[in-house]
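One structure is given below, encoded as structure tokens.
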Amino acid sequence: MALHVVVGKGPVGTTTADLLAARGHRVRVLSRSGGTSTDAVEHRRVDATDADALAAAERMGAVLVTMSNLYVYGAPTGPMAPDSPLAATDLKGRVRIAMWTDALAAHEAGRVRVTEARAADFVGPQVPAAHSHLVRQLPALRRGRPAWVVGDPDVPRSWAYLPDVAATLVTLGTDERAPGRAWHVPSAPPRSQRQALTDLAAAIGGPPARVRAVPWPVLRAVGLVSPVMREVVDVRHQFDRPYVIDASATTATFGLTPTPWDEVVAATAGAVPATA
């Protein structure tokens with residue numbers, strides 16, 4: 001039985017490790033903080049970087065599966081597919097492009113087998129509020145308070161359910177057809193922020209969602225003192241234009257399909273305590 005090494009134990013790493021273990025694979029999770037090993041998942045404390053992972057995969061002859069997002073495509077002109085131009089001009093997007101370009105060059109040189117999963121914005125009960133535009137709004141929805149969002153609340157967006165992300169990563173790491181290119185995580189049909197928050201408000205039994213957009217001048221002003229908000233302003237196109245993923249190649253090749261949206265909503269809403 002092959003050993004699968006998962007670098008990082010955040011929401012994606014943990015969910016992926018659990019799925020690998022559930023499917024009977026040997027799993028080792030590497031992280032800065034380590035953890036308590038179980039019969040299913042071994043934890044080790046290490047200081048790993050992306051460069052270390054690439055070198056280790058090369059030494060061991062392993063497949064390197066990286067996790068990424070849609071930043072690499074820059075401002076979209078339509079649904080984003082894996083073969084869409086890597087046209088990002090912002091810092092984060094350029095860094096992602098450089099990482100993928102380096103990994104793909106190593107693959108094409110025969111040094112290592114590489115593939116990458118790219119996903120839309122995360123949603124699901126496993127996702128911390130700080131990492132999800134939807135999950136962070138759940139306490140406000142339960143209390144009937146306005147949900148303040150970034151960008152146009154009515155443009156369609158794709159959302160990546162974390163178990164679907166993990167299923168894609170596991171498939172890419174175990175299927176010989178995966179290396180040599182990037183693949184997209186299948187997502188349910190697009191829902192705008194307003195639609196998604198309305199769905200979640202109904203699922204948690206709260207009042208109808210009241211969705212408000214934070215004005216861009218306010219965000220720019222905050223960005224003068226907040227690097228994080230400054231980066232949000234730099235990728236304004238992600239919030240003011242339709243931000244939709246095309247994962248048809250993943251479905252056609254591997255048979256992976258997204259979890260139905262109503263199930264995503266129910267699972268996500270179920271993670272909110274009644275007192276939140």
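If you filter the range 135-169 down to residues that are assigned to a loop (DSSP other than H, G, I, E, B) and in contact with an Asp or Glu (Cβ under 8 Å, 6 or more places away or on another chain), you find that the one that is nearest to PRO85 (Cα to Cα) is SER158.
Let's see how each residue does on (1) in contact with a Leu (Cβ under 8 Å, 6 or more places away or on another chain); (2) in contact (Cβ under 8 Å) with a residue 12 or more places away in the chain; (3) crowded, with 16+ Cβ neighbours inside 10 Å:
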site: THR89; (1), (2), (3): no, yes, no
site: ALA147; (1), (2), (3): yes, yes, yes
site: SER158; (1), (2), (3): no, yes, yes
site: PRO163; (1), (2), (3): yes, yes, yes
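All of PRO207, PRO217, PRO189, PRO242 fail the test of being touching a strand residue (DSSP E or B) at 6+ places or on another chain (Cβ under 9 Å) and of a type outside the set (Phe, Trp, Tyr), apart from PRO242.
Being part of a helix (DSSP H, G or I) and not aromatic (Phe, Trp, Tyr) is the requirement here; does ARG194 meet it?
On the way: part of a helix (DSSP H, G or I): yes; not aromatic (Phe, Trp, Tyr): yes.
So ARG194 fits the description; yes.
Could you say whether any residue in the range 13-34 is of a type in the set (Asp, Glu) and farther than 25 Å from ALA252 by Cα? Spell out how you get there, then give the answer.
Residues of the range 13-34 of a type in the set (Asp, Glu): 18.
With farther than 25 Å from ALA252 by Cα added as a condition, the list becomes 18.
For the range 13-34, residues of a type in the set (Asp, Glu) and farther than 25 Å from ALA252 by Cα: present.
All of (1) part of a strand (DSSP E or B); (2) within 19 Å of the chain's Cα centre (by Cα) hold for HIS43 with one exception: (2).
Can you say whether LEU138 is among the hydrophobic types (A, V, I, L, M, F, W, C), more than 23 Å from ALA247 (Cβ to Cβ) and in contact with a Leu (Cβ under 9 Å, 6 or more places away or on another chain), as far as the supplied structure shows? The answer is yes for LEU138. Scanning the range 123-134 for residues that are of a type outside the set (Gly, Ala, Ser) and buried (at least 23 other Cβ atoms within 10 Å of the Cβ), we see that the one that is farthest from VAL65 (Cα to Cα) is LEU134. Can you give me the number of residues within the range 209-248 that are among the small types (Gly, Ala, Ser) and buried (at least 16 other Cβ atoms within 10 Å of the Cβ)? Total meeting the criteria: 4.
Read-outs throughout are calculated quantities, based only on the coordinates presented, and are distinct from any laboratory measurement. Model, not experiment: these values are computed from the prediction. Because the Cβ atoms are built from the backbone with ideal geometry, glycine has one as well, and the counts that use them run over all protein chains shown.
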